[in-house]
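Every number in this text was worked out from the coordinates using simple rules, so none of it is lab data. Treat the numbers as computed from the prediction; the structure is a model and nothing was measured. Using ideal geometry, Cβ is built from the backbone for each residue, glycine included, and neighbour counts are taken over all protein chains shown.
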Amino acid sequence: MIKRRNRTKHTKTFEERLAEEAARFKEAAAQLPPGTQRELYLRRARQAETASHINEWLTSPGLQPPTALYNQAKQSRSASD
């Protein structure tokens, strides 16, 4: 029997979902006294913000592959042929 994956159609962008998650964790942390649980919520908020920044960097139009390394590998392959 083939198992089918549950697919979710998101109505919000990945960025929006990360921002909401970060806000939710910050709000939960604000409700708690200083301690381990509060620090865990703040850590999760920072992780969501970091993920958002990484996603923004990866999807930016200015991101280019390292051409110097690509050209160097291409040249070494053609020289060995």
Packing rank of 31-38, 50-57, 14-21, 3-10, where each peptide gets the mean count of other beta carbons within 10 Å, highest leading
14-21, 50-57, 31-38, 3-10
Scalar couplings 3J(HN,Hα) for segment 13-23 by Karplus 6.51 cos²θ - 1.76 cosθ + 1.60 (θ = phi - 60°), nearest whole Hz, x for Gly and Pro, are 6, 4, 4, 5, 5, 5, 5, 5, 5, 4, 5
